[in-house]
């Protein structure tokens, strides 16, 4: 059963939480459980109260799907657990269909954000230059030699909570 997710109560609750999560992630490089776990509880209670068992299943399905999208990235060290829990919290509010769209928007926003951060830190240009040098070496000698990145090419940290927050807000505001 598809539930209509453009309810003002959810938007007025979720948007400030997402903005707070983004600010905390920028300042502290983490998203605390004290923020995400109550949102999960509110989502499950809200939908259960509103629709009963179907609402509970809707919220739980969104929570699990939100976790599932980012858990592999977390397990391989690509992001923090707070990001995974934030996406799960979004899922508990928006349900499976809503968290799927929010995840897609967050991935697009996250990609643009990552390129911006890389360009700003000059890592993108350094990496492009290194790969260009490897390509020139291959064209001249016929041998492909990998040049490892220098210490200066260390990737800057990304606050993915920002991408989740902005992507979710954009997904909820999109026209139906």
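The values are calculated or read from the model by the stated rules, or taken from the named source; none is laboratory data. As the structure is a computational prediction, the values presented were derived from the model and not from experiment. Using ideal geometry, Cβ is built from the backbone for each residue, glycine included, and neighbour counts are taken over all protein chains shown.
Structure data summary
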item: Close pairs from the range 132-161: first more than 24 Å from residue 77 (Cβ to Cβ), partner surrounded by 10 or more Cβ atoms within 10 Å (Cβ to Cβ), Cβ under 6 Å, at least 6 apart; result: 134/147; 144/138; 145/137
item: Flag if residue 79 is within 10 Å of the chain's Cα centre (by Cα) and assigned to a loop (DSSP other than H, G, I, E, B); result: yes
item: Checklist (1) in contact with a helix residue (DSSP H, G or I) (Cβ under 7 Å, 6 or more places away or on another chain); (2) closer than 22 Å to residue 158 by Cβ; (3) in a helix (DSSP H, G or I) applied to residue 62, failing item; result: (2)
item: Some residue of the range 142-160 being within 24 Å of residue 64 (Cβ to Cβ) and crowded, with 20+ Cβ neighbours inside 10 Å; result: yes
item: Test: residue in the range 39-57 that is at pLDDT 95 or above and under 15 Å from the mean Cα position of the chain (by Cα); result: no
item: Checking residue 114 against (1) part of a loop (DSSP other than H, G, I, E, B); (2) closer than 25 Å to residue 18 by Cα, the condition it does not meet; result: (1)
item: Conditions (1) surrounded by 16 or more Cβ atoms within 10 Å (Cβ to Cβ); (2) part of a helix (DSSP H, G or I); number of the one not met by residue 26; result: (1)
